[in-house]
Amino acid sequence: MTRKAVQFLLNLSLACIAYALAGMTASAASAAEVAGVKIDDIARVGNQDLKLNGAGIRHKAIFKAYVAALYLNEKRTTVGEVLNLPGAKRVTIVMLRDVGNEELARGFMSGIQQNSDKSEKVRFISQLQKFGEIFASIPELKKGDVLTTDWVPESGTVIHVNGRKVSDSLPDPAFYNALLKIWLGDKPVDAKLKPAMLGEKPEEPQRGNS
């Protein structure tokens with residue numbers, strides 16, 4: 001092989017490597033966005049890396065209240081599959097406007113009441129009371145604040161605000177499913193948000209570079 005041919009192959013190899021690296025960089029930089037909010041593709045809960053299942057906007061009247069994102073260890077597209085999936089789970093809420101604790105608590109409690117039957121509520125009533133007490137420690141959530149509700153296996157439901165733990169672990173998995181049904185139940189808080197969190201089209205995150 002001539003020196004010219006060797007140089008050509010070397011240049012071609014370098015070009016291919018550069019192209020591959022550029023593609024890797026672009027992939028790493030891309031992130032899902034909803035209503036201008038960057039949504040991480042991966043969330044770490046307990047000792048598990050969870051994948052973004054779907055995300056969308058919670059509308060209240062004419063306002064955009066918050067962006068909600070569901071993370072699971074495997075993609076799921078039906079409510080039953082999500083509720084029955086073992087392992088860690090997370091719902092991340094990013095506020096799009098300021099909300100007082102009374103309004104926030106009322107929304108959560110109403111969602112649980114409408115999507116849980118009497119026997120379920122009797123089962124986790126003590127945890128429901130403790131959950132209500134959490135909002136007393138959160139005077140207000142401001143635009144941009146992040147609230148996460150996690151299911152951590154062998155521990156329970158844990159809630160953080162801007163990375164700060166604001167609850168003791170609530171151990172009953174039925175209670176975490178009751179929380180999930182606020183958004184995914186038969187009477188979800190937002191009919192368009194539900195399919196978005198299940199990875200369907202209406203509120204599918206847009207891809208953008210950051």
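Laboratory data are not the source of any read-out in this text; all were calculated from the coordinates shown. Nothing here was measured: the structure is a model prediction, and the numbers come from that model. Here the Cβ positions follow ideal geometry from the backbone for every residue, glycine too, while neighbour counts run over all protein chains shown.
Okay, residues lined up against (1) under 17 Å from V79 (Cα atoms); (2) among the hydrophobic types (A, V, I, L, M, F, W, C):
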{"residue": "E102", "(1), (2)": "no, no"}
{"residue": "I112", "(1), (2)": "yes, yes"}
{"residue": "K121", "(1), (2)": "no, no"}
{"residue": "V146", "(1), (2)": "no, yes"}
{"residue": "V152", "(1), (2)": "no, yes"}
{"residue": "H160", "(1), (2)": "no, no"}
{"residue": "Y176", "(1), (2)": "yes, no"}
{"residue": "L184", "(1), (2)": "yes, yes"}
{"residue": "P195", "(1), (2)": "yes, no"}
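Which residues, taken from segment 80-131, are among the aromatic types (F, W, Y) and under 16 Å from D190 (Cβ atoms)?
Within segment 80-131, just F108 meets the criteria.
Within segment 141-184, the set of residues being in contact with a strand residue (DSSP E or B) (Cβ under 8 Å, 6 or more places away or on another chain), among the hydroxyl-bearing types (S, T, Y) and not in a helix (DSSP H, G or I) comprises T148, T149, T157, S167, S169.
Residues considered: L141, L170, L184. Of these, the only one that is among the hydrophobic types (A, V, I, L, M, F, W, C), touching a residue at least 60 places away in the same chain (Cβ under 8 Å) and surrounded by 14 or more Cβ atoms within 10 Å (Cβ to Cβ) is L184.
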